[in-house]
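Student: Before we start, here is the structure in question, set down as structure tokens.
The values are calculated or read from the model by the stated rules, or taken from the named source; none is laboratory data. The shown structure was predicted, so the numbers you read here are calculated from the model rather than taken from an experiment. Cβ: placed from backbone, ideal geometry, glycine included. Neighbour counts: every protein chain shown. What goes into the accessible areas is simple: the full protein's heavy atoms, side chains included, and nothing from ligands, DNA or RNA. Shrake-Rupley method; radii C 1.70, N 1.55, O 1.52, S 1.80 Å.
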Amino acid sequence: MDNIVSELEESGVNTIIEYDNDFVTENIRILSVDADAVVLDWDLYNAESMIDNIRMSDSDIGIFLMADPDSLSDIPVNVVSNVDEFLWVLGDTPSFMAGRIAASCRRYRKTILPPMFKSLVEFSEDYEYSWHTPGHTAGAAFLKNSTGRLFYDFFGEQLFRSDLSISVGEVGSLLDHSGPIGAAEKYASKVFGSDFTMFVTNGTSTSNRVVHMALTPPGGVEVVDRNCHKSIEHSLTMSHAIPVYMVPSRNGYGIMGPIPPEGMTPGAIEKSISESPFLDVKKGIKPTLAVVTNSTYDGICYNAEHAEYLLSKSVDNIHFDEAWYAYARFNPLYEGRFAMRDVKESDATVFSTQSTHKLLAALSQASMVHVRNGKKPIEKSIFNETFMMHASTSPQYAIIASLDVSSKMMDSSGYNLTQDSIDEAIRFRQMMARIGSQKKNDWWFGVWQPEYVTVPGTHERCRFEDAPAEMLGTESSCWILSKYDSWHGFENIEDNWAMLDPIKVTVLTPGIDAHGNYSDFGIPAAMVVSYLDEKGIVNEKSGDYNILFLFSMGVANGKWGTLVSELCEFKRLFDSDEKVSEVLPKIYATDPKRYEDVTLKQLASEMHRFMKERKQTNVANMASSMLPEQKMTPADAYRELITGNVEHVKVSEAENRIAATGIVPYPPGVPVLMPGEFTGRKNEPILMYLRTLQDFDKKFPGFEHDSHGIEVIDGEYYMYCVKE
Ligand SMILES: *Cc1c(COP(=O)(O)O)cnc(C)c1O
């Protein structure tokens, strides 16, 4: 071996690291990420499992096995197929073996670069003089000023050298889908399972607008999940579409569930079309598309296969907004529950829009549109007209490169990357369940998950925390919402319709149960969120009594340990009734007089009492599960808004008015009013809910809600209504 090492050094492989057996066994997957080739001795007692491990996490890396020719026949076939080359230590010369390894390293370096990133790297190595935009020319302009110099130093030379304009032909063009950029999109299409894929550098907000604008002409009808992102509202407005809605269920915690399958049937869709004030059914109306948010913000994934079957009876195009769900294809746990499945023949044309930046590894705004054609395929060049309408002629190349790299990462290690975050989430979930059952009455944080799971193929039930972690990590049946279970709080849910995604973990605080019954004691989630924020732990979103944590691919091993400790610490501080000024200094600073001498217990009890008396969660549920009367289409309401035919109205006085903009309270970020909808009477759920939020905000400074479409002036909520 020593001879090979010195030969390798001579052939230009600069860092050779030798590890001892135990260390390598523990860390092989991490080590192989840093390596360009791995050389293993077959005599190691666990060489076989190490080879498996390396191959699972990296399909391209060269694996060299040092073995004696006599032992070849003893080596199992799967090992032989995972190994690239065998080194016969006594058979070849050290320099020949070193040469083979060095060549493999060079090849590996080339193969791991996906098409567009590769050409970007090559281009930036060329050091051309540029006479085109961007005008900073590889960063040079920044160096002429001291502020600019700090900016340049902060990000480093490479960012600027690779920030190119579309006039650099070598890297291709995003608008034409040509050259290396086009090759990268084709590669992504193969990896993500589409007929064609386009890269979008302005987020899924833009991807959604592209899909809707490409399919719906003015006056076209769209079947829309009411649990939709703001960008869908914008699409409806821009395309002058007429929406009819599918309404998802909500449970007692206020967690958004799925649209029930009955809501996707032709009968239900025809009924909502017949009830639309803008449509004359006699004309025989066929909607242009249906859009479904998959998974929901709280991690409910649909049985996409069945949803597609149901919706295909009414529409030719189905759009799954999978902004939070780009990883699903890479792990068998999600089988059948995402849009880009390998389907022999599909009825509808299916679109998936994914925020690659949200849960895969990519820069912010990196997004993809994937298209799987059905019986009425969409012409790529026609779709591209809409794509270009929403694109910049100067896209950010680093974002495009990150989309390319993300595809490659999922291609070579998608299974491992996803399984790691699933396993990590399960460790946290089981730990929380264990604490809950050990501490019983002396603990109050729960997790929204099953209490019992059934061992597949048996009738054996075991407690969630006692279930084998491997079973939880691989058996989707453990995560399916069943009508025979009550933990999830959705009544009459159809079996196998919805699954909870293990990586989206909702922690529950005390105060309300799955069916919306308040208890006497409660700790609103907002207090726990503020505490965690003080400790530098930032969650994804929170509800009245629940907090969502995402176990994305970037979650470091064991990071959740700190979260558990902080939850324990919060409990200790709460039990010893510390002061708000001590524990939540940022909250205290928003209004020291208000919080002077207030303790955690006092604040929790005051806040919980308010929320219970006003039935905040129940009212929110009512507001978002009813459909307000539609008075104008979103586009018509928008016309009123920009032509000045609107007025700013106090929410407390906004009864029986037409909303000129959408109103979207966060969380959960789902519209209670779409533009053009009727606010209803004063004591109907929508206005009651908005007033509850307003009164809460006045009473608890530092804990204010954020609602799109609402402006707060001196504590009063205002909204734009169409003039009467
Ligand atoms: C975040 C989100 C979007 C928008 O994605 P961006 O990449 O932030 O523009 C669209 N739809 C859903 C469901 C989202 O959660």
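Student: How high is the relative contact order of the stretch 572-624, in percent, with contacts defined as C-alpha pairs under 8 Å that are six or more residues apart?
Tutor: RCO, the stretch 572-624: 30 percent.
Student: Using 5 Å bins from zero, what percent of all Cα-Cα pairs in the stretch 243-341 falls into each bin?
Tutor: Whole-percent P(r) values from 0 Å outward: 2, 13, 22, 22, 18, 12, 7, 3, 1, 0.
Student: Something else now. When the Karplus curve 6.51 cos²θ - 1.76 cosθ + 1.60 is applied with θ = phi - 60°, which whole-Hz ³J(HN,Hα) does each residue of the stretch 522-530 get, with x for Gly and Pro?
Tutor: x, 10, x, 4, 3, 5, 5, 4, 5
Student: Just to be sure I understand the curve: with the Debye formula and one point per C-alpha of the chain, what is log10 I(q)/I(0) at q = 0.07, 0.10 Å⁻¹?
Tutor: With no solvent term, the Cα-only Debye profile gives -0.58, -1.15.
Student: Taking only protein heavy atoms and a 1.4 Å probe, what accessible area per residue, in Å², does the stretch 613-691 have with all protein chains in place?
Tutor: 39 Å²
Student: Which value, in debye to the nearest 20, describes the size of the charge dipole of the stretch 289-394 about its Cα centre when Lys and Arg Cβ atoms bear +1, Asp and Glu Cβ atoms bear -1, and nothing else is charged?
Tutor: Here the stretch 289-394 has a charge dipole of around 120 debye.
Student: If you don't mind, there's one more thing I want to ask. Considering only DSSP beta bridges where both residues belong to the chain, give the percentage that are antiparallel (nearest 5). Show your work: numbers first, answer last.
Tutor: Details: 45 of 70 bridges.
Taking every DSSP beta bridge within the chain, about 65 percent pair in antiparallel fashion.
Student: In deg cm²/dmol and to the nearest 500, what is the mean residue ellipticity at 222 nm of the chain if only DSSP H runs of at least 4 residues count, each as -39500 (n - 2.57), divided by the residue total? Kindly include the intermediate steps, with their values, before the conclusion.
Tutor: Working: 26 runs with 292 residues, N = 724.
Rounded to the nearest 500, it is -12500 deg cm²/dmol.
Student: Accessible area per residue of the stretch 193-247 at 1.4 Å probe, in Å²?
Tutor: 22 Å²
Student: For the stretch 461-516, which chymotrypsin sites (Phe, Trp or Tyr not before Pro) are in a loop by DSSP, counting at most 14 other Cβ atoms within 10 Å?
Tutor: 484
Student: Less than 22 Å apart at the alpha-carbon level, and either on another chain or at least 8 residues along: which lysines does that give for residue 439?
Tutor: Filter leaves 571, 601.
Student: Across 5 Å bins from 0, what is the distribution of all Cα-Cα pair distances for the stretch 632-680, in whole percents?
Tutor: Pair shares across the bins are 5, 22, 29, 26, 15, 3, 0.
Student: From the Cα trace of the stretch 417-563, what convex hull volume per residue do you get, rounded to a whole Å³?
Tutor: 122 Å³
Student: OK, next. Compute, for the chain, the length of the dipole vector about the Cα centre, with Cβ point charges of +1 (Lys, Arg) and -1 (Asp, Glu) only. Units Debye, rounded to 20.
Tutor: Numbers: 65 positive and 102 negative charges, 578 e Å.
Using only the charged Cβ atoms, the result is roughly 2780 debye.
Student: Could you check how much of the accessible area of the stretch 343-433 is carbon and sulfur, as a whole percent, using a 1.4 Å probe?
Tutor: 52 percent
Student: Now for a separate question. Quick check on my link table: of 358/380; 579/699; 282/376; 440/504; 271/631; 541/593, which ones sit more than 21 Å apart, alpha carbon to alpha carbon?
Tutor: The pairs that break the limit, which is 21 Å between Cα atoms, are 358/380; 282/376; 440/504; 541/593.
Student: Kirkwood Rh over Cα pairs of the stretch 300-375 into Stokes-Einstein at 25 °C, 0.890 mPa s: D in µm²/s?
Tutor: 193 µm²/s
Student: When N is the residue count of the stretch 587-724, what does its C-alpha Rg come to as a fraction of 2.2 N^0.38 Å?
Tutor: 1.13
Student: Hey, any idea what the orientation-averaged projected area of the convex hull of the stretch 333-374's Cα atoms comes to, in nm²?
Tutor: About 3.5 nm², averaged over all directions.
Student: If you filter the stretch 615-696 for trypsin sites (Lys or Arg not before Pro), then keep DSSP loop positions with at most 15 other Cβ within 10 Å, what is left?
Tutor: Here the sparse-neighbourhood loop sites are 681, 682.
Student: Additional query: In whole Å, what are the Cα extents of the stretch 131-230 along the three principal axes, biggest one first?
Tutor: Each principal axis gives a Cα extent; for the stretch 131-230 these are 55, 30, 25 Å.
Student: Then there's this: Just need the Rg to Rh number for the stretch 443-516, please, alpha carbons only, Kirkwood Rh.
Tutor: Reported Rg/Rh (Cα atoms, Kirkwood Rh): 0.95.
Student: Right, another one. As I understand it, the dipole of the stretch 442-493 uses +1 on the Cβ of Lys and Arg and -1 on the Cβ of Asp and Glu, about the Cα centre. Which of 482, 443, 464 lies farthest toward its positive end?
Tutor: Checked the options; the winner is 482.
Student: Pop out the ³J(HN,Hα) list for the stretch 331-339 in order, Karplus 6.51 cos²θ - 1.76 cosθ + 1.60 with θ = phi - 60°, rounded to Hz; leave Gly and Pro as x.
Tutor: 9, x, 4, 9, 3, x, 10, 9, 6
Student: Sticking with this structure for a sec: Which semi-axis lengths, in whole Å and largest first, follow from the square roots of five times the eigenvalues of the Cα gyration tensor of the stretch 202-287?
Tutor: Details: eigenvalues 92, 84, 17 Å².
Semi-axes, largest first: 21, 20, 9 Å.
Student: Report the calculated FRET efficiency for residue 45 and residue 153 (r = Cβ-Cβ distance, R0 = 51 Å), to the nearest 0.05. Don't jump to the answer; show the numbers that get you there.
Tutor: Working: r = 50 Å, r/R0 = 0.98.
The computed FRET efficiency comes out at 0.55.
Student: Can I ask one more? Calculate the all-directions average of the projected area of the stretch 479-546's alpha-carbon convex hull, and give it in nm². Numbers along the way, then the final one.
Tutor: Numbers: hull surface 21.3 nm².
Mean orientational projected area (the stretch 479-546, Cα hull): 5.3 nm².
Student: With a cap of 14 neighbouring Cβ atoms within 10 Å, and only residues DSSP puts in a loop, list the chymotrypsin sites (Phe, Trp or Tyr not before Pro) found in the stretch 131-217. Let's see the in-between values first.
Tutor: Values: sites: 131, 142, 151, 152, 154, 155, 160, 187, 192, 196, 199; in loops: 131.
Answer by residue number: 131.
Student: Of 584, 140, 274, whose Cα points farthest to the positive end of the dipole of the chain (charges on the beta-carbon: +1 Lys, Arg; -1 Asp, Glu; origin at the Cα centre)?
Tutor: In the chain, that residue is 274.
Student: Using only the Cα atoms of the stretch 122-171, what do you get for the radius of gyration and for Dmax, in Å?
Tutor: For the stretch 122-171, the Cα-based Rg and Dmax read 11.0, 33 Å.
Student: Now for a different question. Computed over the Cα atoms of the stretch 492-602, what is the ratio Rg over Rh, Rh following Kirkwood?
Tutor: Rounded to two decimals, Rg over Rh is 1.03.
Student: Based on Cβ point charges of +1 for Lys and Arg and -1 for Asp and Glu, what charge dipole magnitude is obtained for the stretch 529-660 about its Cα centre, in debye rounded to the nearest 20?
Tutor: The dipole magnitude comes to about 180 debye.
Student: Would you calculate the convex hull of the Cα atoms in the stretch 323-417 and tell me its volume per residue in Å³?
Tutor: Spelled out: Cα convex hull of the stretch 323-417, divided by residues, is 110 Å³.
Student: So what is log10(I(q)/I(0)) for the stretch 523-666 at q = 0.10, 0.12, 0.16, 0.18 1/Å, when the Debye sum runs over its Cα atoms only?
Tutor: Summing over Cα pairs of the stretch 523-666 leads to -0.55, -0.73, -0.98, -1.08.
Student: Grab the eigenvalues of the alpha-carbon gyration tensor for the stretch 358-409, scale each by 5, take roots, and send me the semi-axes largest first in whole angstrom.
Tutor: On the way: eigenvalues 111, 52, 13 Å².
Working from the Cα gyration tensor, I get semi-axes of 24, 16, 8 Å.
Student: Let me understand the stretch 644-724 better: what is its radius of gyration from the alpha carbons, and its Dmax, in angstrom?
Tutor: 11.7, 36
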